[in-house]
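Encoded as structure tokens, the structure appears first; notes follow it.
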Amino acid sequence: MGFPTHRPRRLRSNPALRRLTGETRLHVSDLVFPLFVDENLNVSTPIQAMPGQSSHPPAEIGRPAAVAFGAGIRAFLLFGVPRTKDAEGSAARHPENVVTKALTILRREFPEAVLITDVCLCAYTNHGHCGVLSANGEIMNDATLPLLGQMAVTHAQAGADLIAPSDMMDGRIQAIRADLDRSGFSHLPIMAYSAKYASSFYGPFREAAHSSPQAGDRKGYQMDPGNRREALIEMQLDHDEGADILMVKPALPYLDIIREARNRFSCPIAAYQVSGEYSMIRAAAANGWIDEQAAILESLVAIRRAGADLIITYFAPEVAPWITP
């Protein structure tokens, strides 16, 4: 029987009832805060395209982490920018590189934090691509795999808790898993950027990470935004190769993919609210077009509602006091 017997508004009539019957809730423990570590800096420097965010020299990485930690954030994702770059991203595999320096500091200052490291060559190569190039400029997928494995092992040796490959090379999860296992890190999990789309929402990040390709684009290895079935293939392959967590990136434009992943896989699903998503909200709020806090929370709740267990977001430290511990 319908109206007037059933009145859904009864359960929306006051804040207490809305809280009691709410279906989706954000928790501080759901959030991961990305940090940019730049070996070329002497002091923390604001990122112009990402108001409120900064890049930090390794020696100062404890400061933003301490602020986030004080707000309740316990998980951090590190992106490194090296002092020197070459065609094979050699700095990514050096035992004392920009990320390992940051890991050493954070592990000492925040022993209970979950330290996640991005594994990709784009910020370390002088051409800006995520894999090594052939003489004619083609990405050499299989030649890139051992370099990614070595990079992951370097991070593991420096104290990483979770390895997050974002390169989108075929077979990289299997290669990294094998290298970690051979090096005594079979206990370390992998969070795979499995459905990573060739998105227009990455622009501000590339300013921070200095990782834009010098020629061409990444459409040959990142996914076409129009493809849904392919995302499930990518996630299934990563899962079968040993990934412990599967990620969808970006988040808000791909809520349907997050839901597909949640329906298909029993492992944790992560979603990355990327730099462009962050900067759009900031810009609209700065112009007075939206309520900033409400828009931030609504966007994160939508990602959680779609099925994400973990949300990587630059809003993490400011959101934490607003939501359930």
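Rule-based calculations on the coordinates, nothing more; no lab input. What you see is a predicted model; the values in this text were computed from it and never measured. Reconstructed Cβ throughout: ideal geometry from the backbone, glycine too, with neighbour counts over all protein chains shown.
Let me see the P(r) profile for the range 64-198: every Cα-Cα distance counted, bins of 10 Å, each bin given as a percent of all pairs.
13, 43, 33, 10, 1
Would you mind telling me the antiparallel percentage of the DSSP bridges in the chain, rounded to 5?
Working: 3 of 37 bridges.
Just about 10 percent of them are antiparallel.
Kirkwood-based Rg over Rh for the range 121-272 (C-alpha set), two decimals? Walk me through the numbers on the way to the answer.
Working: Rg = 15.0 Å, Rh = 15.8 Å.
The Rg/Rh ratio comes out at 0.95.
Could you state the per residue volume, in Å³, of the convex hull enclosing the Cα atoms of the range 100-175? Intermediate values should be presented prior to the final figure.
Details: hull volume 6.3 nm³, N = 76.
With only Cα atoms used, the range 100-175 gives 82 Å³ per residue.
So for the chain, averaging the separation of alpha carbon pairs under 8 Å that are six or more residues apart and normalising by length, what relative contact order in percent results?
Working: 629 pairs, mean separation 62.7, N = 325.
Normalised by residue count, the contact order of the chain is 19 percent.
Which value, in debye to the nearest 20, gives the size of the charge dipole of the chain about its Cα centre, when Lys and Arg are +1 and Asp and Glu are -1 at the Cβ?
Working: 31 positive and 35 negative charges, 270 e Å.
Value, rounded to 20: 1300 debye.
At most 13 other Cβ atoms within 10 Å and a DSSP loop assignment: could you name the GluC sites (Glu not before Pro) in the range 133-238 that fit?
Working: sites: GLU138, GLU207, GLU230, GLU234; in loops: GLU138.
Qualifying residues, ordered by number: GLU138.
Using helices alone, I'd like the mean residue ellipticity at 222 nm for the chain: each DSSP H run of four-plus residues gives -39500 (n - 2.57), total over residue count, nearest 500. Walk me through the numbers on the way to the answer.
Values: 11 runs with 119 residues, N = 325.
Helix contribution divided over all residues of the chain: -11000 deg cm²/dmol.
Classify the range 23-322 as rounded, prolate or oblate, taking a ≥ b ≥ c as the square roots of the eigenvalues of its Cα gyration tensor: rounded when a/c is under 1.5, otherwise prolate if a/b is larger than b/c and oblate if not.
It is rounded, given that a/c, with a ≥ b ≥ c, falls under 1.5.
What are the trypsin sites (Lys or Arg not before Pro) within the range 1-62 that DSSP puts in a loop, where the Cβ has at most 12 other Cβ atoms within 10 Å?
Working: sites: ARG9, ARG10, ARG12, ARG18, ARG19, ARG25; in loops: ARG25.
Of the trypsin sites (Lys or Arg not before Pro), the ones in loops of the range 1-62 whose Cβ has at most 12 other Cβ atoms within 10 Å are ARG25.
Based on other C-beta atoms within 10 Å, arrange MET140, MET235, MET151 from fewest to most.
Numbers: MET140 13, MET235 24, MET151 28.
So the residues, fewest neighbours to most, are MET140, MET235, MET151.
Name the residue farthest towards the positive end of the dipole of the chain from the options THR144, THR45, MET169, assuming +1 on Cβ of Lys and Arg, -1 on Cβ of Asp and Glu, about the Cα centre.
THR45
What shape does the range 195-325 take by its C-alpha gyration tensor, where a ≥ b ≥ c are the square roots of the eigenvalues and a/c under 1.5 counts as rounded, a/b above b/c as prolate, and the rest as oblate? Don't skip to the end; give the middle numbers.
Values: a/c = 2.04, a/b = 1.22, b/c = 1.67.
It comes out oblate by the Cα gyration axes.
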